[in-house]
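Undergrad: First the structure, which I've put down as structure tokens, then a few questions once you've had a look.
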Amino acid sequence: MNTSRWDKRIYRAKELAIAHPSASEVLRFYECFQRALYSDIESECGHAKEARDPGTLRDELDLFVLLPKFPGFLTVVEKIAPVPLARSAAELIEQGAQHWQRLLQGCWRDADQQVIPSCVEAALSRIFLQPYAEYLADHTQQGPPDHLFSVCPLCGGKPQAGVLRQEGDGGKRSLICSLCSKEWNFQRMLCPACGEENIEKLVIYTADQFDHVRIEACDTCRYYIKTIDLTKNGNAVPVVDELAAIPLSLWAIENGYSKLQANFLGI
């Protein structure tokens, strides 16, 4: 297991929970369980890498490994999660294995297209499935070709966040998958939702308390994504900092934009 990556995420979540009390509950919840779940999956499924064609990651779903872990996950959520998730976890525990199986299968195929009883159940399923998807991505022998994809070239998931890294005199942009955390290169000034490239239609918003995180919105399709600028803060961890920047999401909602892919808070 790439322990340094998980250690960085957990350390960053603790840092941001102190710096931004409004996000502390969700950040402390985030740091509690995904590393252990990833480790358990890797112990059972092995460390070997397999060859996978681009776009095929969702062809695999090992419920034999995953389903026995789901009630334990729900119990942890019930104890430590924010109230709406904790309440839904308690209700979901009572539903039983057949319901869990249908829920996980539906969310794995595509949560946006499947009939899932509630958005909170979909969120819980996605949280649970993320470490498994990340395990598959990490244990893929060859990554997909470096082409311009608006969705994850490995699993087809929508991007959760954008990233800017220093390259030459400017920043190089990439996107991070909301499911498997695969990162891929993407054109700097281009909407990942609709392909708009007219700069006058592409809106950027920042706030003082998160000067390294920005909203990148599109006035054509009205979708937005948060982008973490590592050229301004090299200590940021994109998947964690995206969660903490709640005020930016509120600004986007107030101005009529919808997030390209909601996080497990629903924003």
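The values are calculated or read from the model by the stated rules, or taken from the named source; none is laboratory data. Everything quoted here is computed from the prediction, not taken from an experiment. Every residue, glycine among them, receives a Cβ derived from its backbone with ideal geometry; neighbour counts consider all protein chains shown. Accessible surface is based on the protein model in full, side chains and every heavy atom, while ligands, DNA and RNA are left aside. Shrake-Rupley method; radii C 1.70, N 1.55, O 1.52, S 1.80 Å.
Undergrad: Quick check: anything in region 198-209 surrounded by fewer than 22 Cβ atoms within 10 Å (Cβ to Cβ) and under 30 Å from Asp59 (Cα atoms)?
TA: Within region 198-209, none of the residues are surrounded by fewer than 22 Cβ atoms within 10 Å (Cβ to Cβ) and under 30 Å from Asp59 (Cα atoms).
Undergrad: OK, next. With respect to Glu25, is the statement that it is over 18 Å from Glu121 (Cβ atoms), in contact (Cβ under 8 Å) with a residue 12 or more places away in the chain, more than 21 Å from the chain's Cα centre (by Cα) and part of a helix (DSSP H, G or I) true? Talk me through it step by step, then tell me what you get.
TA: Values: over 18 Å from Glu121 (Cβ atoms): yes; in contact (Cβ under 8 Å) with a residue 12 or more places away in the chain: yes; more than 21 Å from the chain's Cα centre (by Cα): no; part of a helix (DSSP H, G or I): yes.
Here the answer is no, as Glu25 does not meet what is asked.
Undergrad: Name the one entry in Glu42, Glu31 that is open to solvent by less than 80 Å² (accessible area, probe 1.4 Å) and either of a type in the set (Phe, Trp, Tyr) or modelled with pLDDT of 85 or more (or both).
TA: From the options Glu42, Glu31, the qualifying one is Glu42.
Undergrad: Are there any strands (runs of 3 or more DSSP E) wholly within region 167-267 with 1 or more residues that are of a type outside the set (A, V, I, L, M) and over 18 Å from the mean Cα position of the chain (by Cα), and if so which?
TA: Ranges flagged: 170-177, 202-207, 210-218.
Undergrad: On to the next question. So how many residues does region 61-81 have that are under 30 Å from Thr140 (Cα atoms) and assigned to a helix (DSSP H, G or I)? Walk me through it before giving the result.
TA: From region 61-81, those under 30 Å from Thr140 (Cα atoms) are 61-74, 76-77; that's our starting set.
Subsequent filtering for residues that are assigned to a helix (DSSP H, G or I) retains 63-74, 76-77.
Residues flagged as under 30 Å from Thr140 (Cα atoms) and assigned to a helix (DSSP H, G or I) within region 61-81 amount to 14.
Undergrad: Restricting to region 152-188, and then to whatever is in contact with a strand residue (DSSP E or B) (Cβ under 6 Å, 6 or more places away or on another chain) and open to solvent by 40 Å² or more (accessible area, probe 1.4 Å), can you tell me which residue is nearest to Arg109 (Cα to Cα)?
TA: The residue in question is Glu183.
Undergrad: Also, quick follow-up: Which of the residues belonging to region 46-60 are farther than 19 Å from Trp6 by Cα and either open to solvent by less than 50 Å² (accessible area, probe 1.4 Å) or in a helix (DSSP H, G or I) (or both)?
TA: Within region 46-60, Arg52, Gly55, Thr56, Leu57, Arg58, Asp59 qualify.
Undergrad: Somewhere in region 127-145, is a residue at pLDDT 80 or above, farther than 20 Å from Gln34 by Cα and either among the basic types (Lys, Arg) or not in a helix (DSSP H, G or I) (or both)?
TA: yes
Undergrad: In a helix (DSSP H, G or I) and touching a residue at least 40 places away in the same chain (Cβ under 8 Å): is that true of Ile18 in this structure?
TA: Values: in a helix (DSSP H, G or I): yes; touching a residue at least 40 places away in the same chain (Cβ under 8 Å): no.
When the stated conditions are applied, Ile18 does not pass them.
Undergrad: If I filter region 230-237 for residues that are in contact (Cβ under 8 Å) with a residue 40 or more places away in the chain and crowded, with 23+ Cβ neighbours inside 10 Å, do I get at least one hit?
TA: no
Undergrad: For residues that are assigned to a loop (DSSP other than H, G, I, E, B) and either under 19 Å from Glu60 (Cα atoms) or in contact with a Ser or Thr (Cβ under 9 Å, 6 or more places away or on another chain) (or both), scanning just region 82-112, find the one that is most open to solvent (accessible area, probe 1.4 Å).
TA: Asp112
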